[in-house]
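For reference, the structure discussed in these notes is given below.
The values are calculated or read from the model by the stated rules, or taken from the named source; none is laboratory data. Keep in mind that what you see is a predicted model, and the values were worked out from it rather than measured. All Cβ positions, glycine included, derive from the backbone under ideal geometry; neighbour counts span all protein chains shown.
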Amino acid sequence: MKKIFLTLLIIFSFSNIASAEWIKIADDGSGTGTGVVVYYDSAIIKHGNIVKIWVMYDNVTVAPINGYTIKSMVGLNEYDCTERRSRSLQGTLFSENMGSGYVDSSNEVSSWEYPRPGTIYAREMDIACK
């Protein structure tokens, strides 16, 4: 049963990535061939003051992690707009840009964090909570 649930979760994640309308929110040095381009999916899920959005970090340069070549990461983030805090609900690392290829997935929920002003995480919070 656990394997079936995990398989369905992975299939849902990939179908969501493929059908997402990705909107660019940050471009950190892509003109020079370094940095990360950040996107969010326009399908924002709101439940009162809690908001969930899919975010993609697309590496312009290769980022090797534990022997894998990571070119992008897609994660489902949750934002508490009242407390101005966020956490990651799910993250998937990809071997290719724009969420293609496949490397590894994590379903561990992170602890709540308070984004520092002026960071991309604060920008994500602003988009989620507008």
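Assorted remarks:
- Selection of segment 37-51 for residues being assigned to a loop (DSSP other than H, G, I, E, B) and over 17 Å from the mean Cα position of the chain (by Cα) yields G48, N49.
- Residue in segment 91-103 that is over 16 Å from the mean Cα position of the chain (by Cα) and either more than 22 Å from A128 (Cβ to Cβ) or in a strand (DSSP E or B) (or both) present: no
- Within segment 90-112, tally of residues that are out of contact with any Ser or Thr (no Cβ under 8 Å at 6 or more places or on another chain) and surrounded by 13 or more Cβ atoms within 10 Å (Cβ to Cβ): 1
- Qualifying positions in segment 26-71 - out of contact with any Ser or Thr (no Cβ under 6 Å at 6 or more places or on another chain), modelled with pLDDT of 85 or more and exposed (fewer than 13 other Cβ atoms within 10 Å of the Cβ): S42, A43, H47, G48
- Residues being under 20 Å from E124 (Cα atoms) and either at pLDDT below 85 or crowded, with 16+ Cβ neighbours inside 10 Å (or both) - total across segment 14-24: 4
- Scanning segment 72-98 for residues that are modelled with pLDDT under 95 and aromatic (F, W, Y) yields a single hit, F94.
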